[in-house]
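Bear in mind that the values in this text are calculations on the coordinates, not laboratory data. Keep in mind it's a predicted model, so treat the numbers as computed, not measured. We place every Cβ from the backbone using ideal geometry, glycine too, and count neighbours over all the protein chains shown.
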Amino acid sequence: DAGVTQSPTHLIKTRGQQVTLRCSPKSGHDTVSWYQQALGQGPQFIFQYYEEEERQRGNFPDRFSGHQFPNYSSELNVNALLLGDSALYLCASSLAWDPHNEQFFGPGTRLTVL
Amino acid sequence: AQKVTQAQTEISVVEKEDVTLDCVYETRDTTYYLFWYKQPPSGELVFLIRRNSFDEQNEISGRYSWNFQKSTSSFNFTITASQVVDSAVYFCALSFLAGGTSYGKLTFGQGTILTVHP
């Protein structure tokens, strides 16, 4: 049973560019959440997708957008990259009806903006 | 608004010592979950323990134990007889249920770097 997978593992971009990160949830999970983790900090919630719609969003600008596909996989898009967007981006999957809110995290994508 | 504070930035111990990681949280919600996650150098967050707000019973699971005190909004985590493999960053996190459905948003603390020396 595959866990949460993310691609790519590492990515280097320059300021102003756009980037797309991908996440495949754990088998059977229908909800995907994205987190940004800056160096030395705790993860910060970006947004969550369920039934192909953004269900809730953290305090991130509109440059951060996402998508969920019918197979529950998800993409995170960041436009007009800033140096401050350099971080580890973590994807977590879960079941919408799970009252215990157990989330499984992927290994993350390390984004470096030069 | 929710907030999680981990006052200890770094802790260094020698193998076999017991170590306690502190966590203090703030929330206006009456029903919530508290978590501890471990993040090894590989980067993946590993779930360790979960406690809901309406059950203050403290438990032990192997070498892990936790002390949840609602009166002081604290959720401390103890590793007994620490091992080198326990070296990692540890995060305390909080989530809440809204309208009977968990929205899944986790609020994390800043993390505590634990180093266990042989």
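Values computed for the structure shown
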quantity: Residues that are in a strand (DSSP E or B), under 12 Å from A:CYS23 (Cβ atoms) and out of contact with any Pro (no Cβ under 6 Å at 6 or more places or on another chain), drawn from the range A:88-108; calculated: A:TYR89, A:CYS91, A:ALA92, A:PHE104, A:PHE105
quantity: Residue match in the range A:41-56 (condition: away from every other protein chain (no Cβ under 14 Å) and on the phi < 0 side of the Ramachandran plot); calculated: no
quantity: All strands (runs of 3 or more DSSP E) inside the range B:1-49 with 2 or more residues being crowded, with 16+ Cβ neighbours inside 10 Å and of a type in the set (Phe, Trp, Tyr); calculated: B:32-39
quantity: Test: residue in the range B:45-52 that is among the aliphatic types (A, V, I, L, M) and in contact (Cβ under 8 Å) with a residue 60 or more places away in the chain; calculated: no
quantity: Single condition B:ASP55 does not satisfy, out of (1) without any contact (Cβ under 8 Å) to a residue 40 or more places away in the chain; (2) assigned to a strand (DSSP E or B); (3) not hydroxyl-bearing (Ser, Thr, Tyr); calculated: (2)
quantity: Any strands (runs of 3 or more DSSP E) falling wholly within the range A:38-87 and containing at least 2 residues that are basic (Lys, Arg); calculated: A:53-57
quantity: Some residue of the range A:18-32 being surrounded by 18 or more Cβ atoms within 10 Å (Cβ to Cβ), within 11 Å of chain B (Cβ to nearest Cβ) and assigned to a strand (DSSP E or B); calculated: yes
quantity: So B:VAL89, is it touching a residue at least 60 places away in the same chain (Cβ under 8 Å), at negative phi and aliphatic (A, V, I, L, M); calculated: no
quantity: Residue in the range B:68-83 that is farthest from B:THR112 (Cα to Cα), counting only those that are in contact (Cβ under 8 Å) with a residue 24 or more places away in the chain and surrounded by fewer than 18 Cβ atoms within 10 Å (Cβ to Cβ); calculated: B:THR72
quantity: Residue match in the range A:70-87 (condition: farther than 18 Å from A:ARG15 by Cα and either facing chain B (nearest Cβ under 8 Å) or hydrophobic (A, V, I, L, M, F, W, C) (or both)); calculated: no
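So that you can scan it fast, the table gives a plain yes or no per residue for (1) of a type outside the set (Lys, Arg); (2) in contact with a helix residue (DSSP H, G or I) (Cβ under 9 Å, 6 or more places away or on another chain); (3) closer than 30 Å to B:ASP55 by Cα; (4) crowded, with 17+ Cβ neighbours inside 10 Å:
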position	(1), (2), (3), (4)
A:SER73	yes, no, no, yes
A:LEU81	yes, no, no, yes
A:LEU90	yes, no, yes, yes
A:SER94	yes, no, yes, yes
A:HIS100	yes, no, yes, no
A:PHE104	yes, no, yes, yes
A:LEU111	yes, yes, no, yes
